[in-house]
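Read through the structure below, which is laid out as structure tokens, and then see the notes.
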Amino acid sequence: MGTTIEFYDFLIYGTAAALVFPKLFFPGLGATAGAVASFSTFAVAFFARPVGGVVFGHFGDRLGRKRTLTTTLLIMGISTVLIGALPTAETIGAAAPILLVVLRFLQGFAIGGEWAGAALLATEHAPKKRRGFYAIFPQLGAPFAFILASATFLITNLTLGDTDTRFLAIGWRIPFLLSIVLVLFGLYVRVRLEETPAFTAAQNTPKQHADRQVPIVSVLRAQWREVLIGTGAMTGNFAIFYLGTTFLTSYGTNQHGGLGLPRHTVLALGILAGAVLCVVTVASALLSDRAGRRAMVVWGNVISAGVALALFPLLDIGTPWAFALGISVTMGAFGFAWGSIAALLPELFETEHRYTGASVCYNVAAILGGGLAPIAATALAATYGSFSVGVVVAVLSVLSWLAARLVPETRDRDLTVSGHPAALRATEEV
């Protein structure tokens, strides 16, 4: 539930950046430049994510997973509600986009510490042979949030009509303001959680000198190799996700250089794609307990590369059915690797810096694959045509495939026992 709330807050910004922010906060730039500027504010959060990952990773490794996750939820919720109440450029001029960027930074700062903590709560409580199954639940936050964000915008759009006037005036604000309900529920859930056995065991172990190091220093000294390959293996996965969520929402509705489909059609098909992502994520997580985490990530990147190359020739048929198939297959390709990631990244790192290590991998990969992809995709599509976007995502997926081949298999590792990173590499298959 916590990751659903966090991703909902994060994704409704992406949906608004695609549908309304170019007109409300960058009205003088034109359609393409306004979309690029809007997606640039979307990308700001990705550069805040590593900062949040290091800060919250530090406190998560020192003070515990539970308290840290409660803080991230509060920051995310408050920032999201304030975006929903933000005056536009027409009202306060240049201050509007500046405030938008500040609040977007705070969103990214919060989510930077969110995912790793949620993944650790699941995996550190799980039986060793069923960590993939337990890891399903934080991973389902992304598809549930995509469904919820699309549904909220769809209902708002249908209620206010498919014309821009009322939707731009008040309709886009409703999903942001409604997030306060989800945040309050999420806080109720999180304050009732117990600390994980792995963290408790580590706290009760006599400290060595290395244990007293700042977690970011500790992980970069002891497990820098795992940080690099974990980040590399996830970059393509993020590119295909944000291509399928944020960019395709813009491309599907854009009348100039896009498909020009009705807004309500694109949002409804986003709900369908979210359902496909749910199914594939669950299947991937369950398979990872049998076939291993590494195999799922390797094949997930192979599938993503193929889908990225085929996507825009399919979409450019221009029919709603082609868009439905394209967005569904894209989200399914993302889910193939996504389902195993919440078990894999925590298993790569030692308890004393596990929160920090998983956060750094996750958030740096989000910058490389997710923060820059929507910006580059908008500019590339306008200059070189839509197929160039697929080529870029396919290249990132191939690079991630190469990194994933270096990932050691971790499914049999005992998370309550610390060991030297060399022990992880003993089972590596290259």
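Just a few scattered comments:
- Checklist (1) surrounded by fewer than 21 Cβ atoms within 10 Å (Cβ to Cβ); (2) closer than 30 Å to G332 by Cα applied to E194, failing item: (2)
- Of all residue pairs spaced 6 or more apart or on separate chains, those with beta-carbon atoms under 8 Å, a first member in region 72-93 that is under 17 Å from F21 (Cβ atoms) and a second member that is assigned to a loop (DSSP other than H, G, I, E, B) are A89/F26; A89/P27; E90/P27.
- Answer from A149, A169 - the residue that is more than 30 Å from D289 (Cα to Cα), of a type in the set (A, V, I, L, M, F, W, C) and free of Cβ contacts under 8 Å to residues at least 60 places away in the same chain: A169
- Evaluated against (1) aliphatic (A, V, I, L, M); (2) open to solvent by less than 30 Å² (accessible area, probe 1.4 Å); (3) farther than 17 Å from V81 by Cβ, V55 falls short on exactly one condition, (2).
- Hey, T351 hydroxyl-bearing (S, T, Y), within 25 Å of S388 (Cβ to Cβ) and in contact (Cβ under 8 Å) with a residue 12 or more places away in the chain or not: no
- Where helices (runs of 4 or more DSSP H) fall wholly inside region 83-138, the ranges with 3 or more residues that are modelled with pLDDT of 85 or more are 95-125, 131-134.
- Single match in A366, A404 (criterion: within 30 Å of S218 (Cα to Cα), out of contact with any Ser or Thr (no Cβ under 7 Å at 6 or more places or on another chain), modelled with pLDDT of 90 or more and open to solvent by less than 10 Å² (accessible area, probe 1.4 Å)): A404
- Subset of region 272-290 that is within 15 Å of S328 (Cβ to Cβ) and open to solvent by 10 Å² or more (accessible area, probe 1.4 Å) - its residue that is nearest to the chain's Cα centre (by Cα): C278
- The residue that is farthest from S340 (Cα to Cα), among those in region 291-309 that are open to solvent by 50 Å² or more (accessible area, probe 1.4 Å) and in contact (Cβ under 8 Å) with a residue 60 or more places away in the chain, is L309.
The values are calculated or read from the model by the stated rules, or taken from the named source; none is laboratory data. These numbers were taken from a predicted model, which means no experiment stands behind them. Methodologically, a virtual Cβ is constructed for each residue, glycine included, from the backbone with ideal geometry; neighbour enumeration extends over all protein chains shown. For the accessible areas, the whole protein counts, side chains as well, though only heavy atoms, and no ligand, DNA or RNA atoms are used. Shrake-Rupley method; radii C 1.70, N 1.55, O 1.52, S 1.80 Å.
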